[in-house]
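Student: The structure is given below, and queries will be raised subsequently.
The values are calculated or read from the model by the stated rules, or taken from the named source; none is laboratory data. Just so it is clear, the structure is predicted and the values come from calculations on it, not from any experiment. Virtual Cβ from ideal backbone geometry, glycine too; neighbours counted across all protein chains shown. Accessible surface areas use protein heavy atoms only, side chains included; no ligands, DNA or RNA. Shrake-Rupley method; radii C 1.70, N 1.55, O 1.52, S 1.80 Å.
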Amino acid sequence: MEYFIDSGSQPAFIKFPMVGLFLLVFLFLLVAIEIVISAVDNVTYHMLTDERKKQLEVAQSVSFTESKFLKNLSQKLTRTKEMEEEYDIMLEHDYDGIKELDNVLPPWWVYMFYMSIIFAFVYIIRFHVLNDYTQQEEFETEMENARIEIEKYKLTAPDLLDKEKVTLLTDAASLAEGKKLYETSTCAACHKPDGGGSIGPNLTDDHWILGGGIKNVFNTLMEGGREGKGMVAWKATIKPADLQKIASYVISLQGSNPPDAKPAEGDVWVDENTPAPAAPAEAEKPAEEVVVQ
């Protein structure tokens, strides 16, 4: 069931309670069947005569390796001769008193040999005559499947975010976690807990040194500030999913106007993807009156 049910890193019976319920019911059935079989055997044993009981005890005392069933099966698979019959298949030559028996090949080995011949014939026709499916095609197919799986994983893996894939988080839970990360890291030390700016620039106005918006703020957190000065890159210590939450929280501080905020630095940033407001239409001029005399 673990093989057929995709439950991720958790066991299937934990992630899906119905699977656990099914396993409990199945276990209950197994226990019930065992109890019924044991009860039937007990009743049947007491119904046997003393002679039958002795025969049963003798049969149960024989080990499985010495049972008649195993001996018959071994005989069918190997076709070996009994020791009393070895004289009929004994070869004439001997060496130092050691003689050789002319036993037939075991049927299981003969059948497997015939199957290998059939398999080899089909293999040669399919792969070397018809070129139905080559190793190169198999390799390319596996590589394409792996590429598709990797791309699918990248779409949902939070730790593989980059500047092009990051999106602005606006839900309260993500912003609350972003605020917590902002305050517990060195962000608050350089930009103040309210974002007003100290060593670092003010994060609450509309001026940005390296560009505003979720993509630019996220990229600044990942790669750091200006070379040789400014903020260090955080991609080595904070995972991208958390940087996305911090960047979203920073953008949520826009326009909060905290007291004693640092003067604006950089340039006013305008999102190029935001459509500009349409210009007001000019008022139509009244048509001139035409006086016909």
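Student: Hey, any hits in segment 43-58 for a residue that's under 30 Å from Glu100 (Cβ atoms) and surrounded by 11 or more Cβ atoms within 10 Å (Cβ to Cβ)?
Tutor: No - not one qualifying residue is present in segment 43-58.
Student: When you go through Lys235, Lys262, Lys239, Lys245 one by one, which is the residue that is under 18 Å from Tyr182 (Cβ atoms), at pLDDT 70 or above, of a type in the set (Lys, Arg) and open to solvent by less than 50 Å² (accessible area, probe 1.4 Å)?
Tutor: Lys245 is the lone residue from the list that is under 18 Å from Tyr182 (Cβ atoms), at pLDDT 70 or above, of a type in the set (Lys, Arg) and open to solvent by less than 50 Å² (accessible area, probe 1.4 Å).
Student: Okay, moving on. What number of residues in segment 186-204 are open to solvent by 30 Å² or more (accessible area, probe 1.4 Å) and either in contact (Cβ under 8 Å) with a residue 24 or more places away in the chain or of a type outside the set (A, V, I, L, M, F, W, C) (or both)?
Tutor: 7
Student: Now a separate question. Is at least one residue of segment 165-174 over 21 Å from the mean Cα position of the chain (by Cα), among the small types (Gly, Ala, Ser) and over 29 Å from Gln254 (Cα atoms)?
Tutor: no
Student: Residues of segment 159-185 being modelled with pLDDT of 85 or more, open to solvent by 30 Å² or more (accessible area, probe 1.4 Å) and either charged (D, E, K, R) or not in a loop (DSSP other than H, G, I, E, B) (or both), which ones?
Tutor: Of everything in segment 159-185, those that are modelled with pLDDT of 85 or more, open to solvent by 30 Å² or more (accessible area, probe 1.4 Å) and either charged (D, E, K, R) or not in a loop (DSSP other than H, G, I, E, B) (or both) turn out to be Asp171, Ala172, Ala173, Leu175, Ala176, Glu177, Lys179, Lys180, Leu181, Glu183, Thr184.
Conditions (1) part of a loop (DSSP other than H, G, I, E, B); (2) under 18 Å from Pro193 (Cβ atoms); (3) touching a strand residue (DSSP E or B) at 6+ places or on another chain (Cβ under 9 Å), marked per residue:
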{"position": "Leu221", "(1), (2), (3)": "no, yes, no"}
{"position": "Arg226", "(1), (2), (3)": "yes, no, no"}
{"position": "Val232", "(1), (2), (3)": "yes, no, no"}
{"position": "Ala236", "(1), (2), (3)": "yes, no, no"}
{"position": "Gln244", "(1), (2), (3)": "no, no, no"}
{"position": "Tyr249", "(1), (2), (3)": "no, yes, no"}
{"position": "Asn257", "(1), (2), (3)": "yes, yes, no"}
